[in-house]
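Working notes, structure below.
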Amino acid sequence: MAFVPLVMVSMNLVYALSAYPFGKLADRFSHVHLLAFGLVVLLLADLVLAYGHHWSTLFLGVTLWGIHLGMTQGLLAAMVADTAPADLRGTAYGFFNLLSGLAMLLASGLAGFLWDGFGAEMTFYAGAAFCALALFSLRWQPARLASR
């Protein structure tokens, strides 16, 4: 069980180290393009974790997952701020976090079901498929989001 906290610490360390540089990039580049790049990194992390069975592959997958978090978490908050009217920003953050929490609850349940029924690999392949779906759906974002 000590291995699981080690994985979590590693992922969060990479997340912490990558958040600031990617935050600086978000100040200069399209948020939608950076979000797409972050989804590609998560898709790669899922595929690496699905495919690999060696500790070095696990480390690579965890590193990519941490980079994805560093790329996207502050970016998503900035996207909420950019799209919400100033007088509703607090409500927008609350609603975003409500939906994020519900999505994580649903995703965790689905991941547990897949892991128990079909194995770890299928769980990560499903994650990769959801990333691909999210990437595909970015093509139809509102014009206001695309300009930023």
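Data for the structure
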item: Per-region count, region 10-24, residues surrounded by fewer than 16 Cβ atoms within 10 Å (Cβ to Cβ) and over 18 Å from Asp46 (Cα atoms); result: 6
item: In region 41-54, residue nearest to Arg139 (Cα to Cα) [restricted to those that are out of contact with any Cys (no Cβ under 8 Å at 6 or more places or on another chain) and surrounded by 13 or more Cβ atoms within 10 Å (Cβ to Cβ)]; result: Val41
item: Matching residues in region 68-80 - criterion: being of a type in the set (A, V, I, L, M, F, W, C) and closer than 13 Å to Gly23 by Cβ; result: Leu69, Met71, Leu75, Leu76, Ala77, Ala78, Met79
item: Helices (runs of 4 or more DSSP H) lying entirely in region 55-148 (those with 2 or more residues that are touching a strand residue (DSSP E or B) at 6+ places or on another chain (Cβ under 8 Å), of a type in the set (S, T, N, Q) and surrounded by fewer than 16 Cβ atoms within 10 Å (Cβ to Cβ)); result: none
item: Checking Asp46 against (1) modelled with pLDDT of 95 or more; (2) charged (D, E, K, R); (3) farther than 24 Å from Phe130 by Cβ, the condition it does not meet; result: (3)
item: Matching residues in region 115-124 - criterion: being within 22 Å of His54 (Cβ to Cβ) and of a type outside the set (Phe, Trp, Tyr); result: Gly119, Ala120, Glu121, Met122, Thr123
item: Filtered residue count, region 2-37, keeping only those that are assigned to a helix (DSSP H, G or I), farther than 13 Å from His68 by Cα and of a type in the set (Gly, Ala, Ser); result: 2
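The values are calculated or read from the model by the stated rules, or taken from the named source; none is laboratory data. The model shown is predicted, which means the values in this text are computed figures rather than measured ones. Using ideal geometry, Cβ is built from the backbone for each residue, glycine included, and neighbour counts are taken over all protein chains shown.
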